[in-house]
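The values are calculated or read from the model by the stated rules, or taken from the named source; none is laboratory data. Only a predicted model underlies this, so the values are computations on that prediction, with no experimental measurement involved. Because the Cβ atoms are built from the backbone with ideal geometry, glycine has one as well, and the counts that use them run over all protein chains shown.
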Amino acid sequence: MTHPETDPDRAERRVARQPAVIGEPDRDNHPPAATWGREVPKTRRRSLELARAHLRIERQGRGLPP
């Protein structure tokens with residue numbers, strides 16, 4: 001089983017890489033892919049926020065600091 005603290009860390013790295021990845025369809029003149037690609041970071045950021053909130057709740061439930 002994966003340690004829960006590693007999932008937000010991994011997600012943070014993915015979100016940080018997105019701007020470079022998203023620029024590729026724009027540079028290659030693929031407007032639909034570029035439009036879709038701009039939505040991906042928003043979704044990942046929201047997922048990351050939810051993962052962190054969940055982790056805080058889990059830690060608090062176990063009497064650990066957030």
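Of note, Arg62 does not satisfy the criterion of being of a type in the set (Lys, Arg), surrounded by 11 or more Cβ atoms within 10 Å (Cβ to Cβ) and modelled with pLDDT of 75 or more.
Take Ala20 and tell me if it is at pLDDT below 80, assigned to a helix (DSSP H, G or I) and within 23 Å of Glu58 (Cα to Cα). For Ala20, the condition - at pLDDT below 80, assigned to a helix (DSSP H, G or I) and within 23 Å of Glu58 (Cα to Cα) - is not met.
Taking the options Ala34, Ala11, name whichever one is assigned to a helix (DSSP H, G or I), in contact (Cβ under 8 Å) with a residue 12 or more places away in the chain, surrounded by 10 or more Cβ atoms within 10 Å (Cβ to Cβ) and over 15 Å from the mean Cα position of the chain (by Cα). Step by step, each of Ala34, Ala11 is checked, and only Ala34 is assigned to a helix (DSSP H, G or I), in contact (Cβ under 8 Å) with a residue 12 or more places away in the chain, surrounded by 10 or more Cβ atoms within 10 Å (Cβ to Cβ) and over 15 Å from the mean Cα position of the chain (by Cα).
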